[in-house]
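Scroll down for the structure; my scribbles are underneath it.
The values are calculated or read from the model by the stated rules, or taken from the named source; none is laboratory data. As the structure is a prediction and not an experimental result, all values here were calculated from the model. Counting neighbours? That spans all protein chains shown, and the Cβs are built from the backbone with ideal geometry, glycine included. Each accessible area value is taken on the protein alone, full model and side chains, heavy atoms only, with ligands, DNA and RNA left out. Shrake-Rupley method; radii C 1.70, N 1.55, O 1.52, S 1.80 Å.
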Amino acid sequence: MQDLVSVMTRVLAGTGELSQIGTMLHESWMLKRSVSPAISNEAIDRYYDLAIQAGATGGKILGAGGGGFLMLYVEPELRETVSKALEPLSSIRPMFATSGSEITYSESSNVD
């Protein structure tokens, strides 16, 4: 996982290919899942697999304790397809902030 850091840093700094993010997220997620069976569960695995089948190239879990998010990298032309594959989950489009951390609040009751 540590080997992916320098590549991801270059991509996020604007000197790498943005589409590499999905592949790196996928590789990192597979490595993380291999550490312990408690890293994921059936619902997370099912949604991740559905997203990949619909066109996402990678993703990871953010947050903890059952209140987290599945972050996915999806090329713009496939966002609607992936979103439909993951219904009834709600989605949030992340944005980069240059002013530091920002808090986003979303309350949703339609998550498994």
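Taking residues in the range 84-105 that are touching a residue at least 24 places away in the same chain (Cβ under 8 Å) and within 15 Å of Ala43 (Cα to Cα), and partners anywhere that are polar (S, T, N, Q) and open to solvent by 100 Å² or more (accessible area, probe 1.4 Å), the pairs with Cβ atoms closer than 9 Å and at least 6 places apart or on different chains are Ala85/Gln53. For the range 47-77, taking the residues that are at pLDDT 95 or above and open to solvent by 70 Å² or more (accessible area, probe 1.4 Å), the one that is nearest to Met1 (Cα to Cα) is identified as Asp49.
Only residues that are open to solvent by 40 Å² or more (accessible area, probe 1.4 Å), farther than 16 Å from Leu70 by Cα and hydrophobic (A, V, I, L, M, F, W, C) were counted across the range 9-30, and they come to 3. Applying the condition of being of a type in the set (Lys, Arg) and either open to solvent by 100 Å² or more (accessible area, probe 1.4 Å) or at pLDDT below 70 (or both) to the range 78-112 and asking which residue is nearest to Met8 (Cα to Cα) yields Arg93. Among the residues here, Glu80 does not qualify as in contact (Cβ under 8 Å) with a residue 24 or more places away in the chain and not aromatic (Phe, Trp, Tyr).
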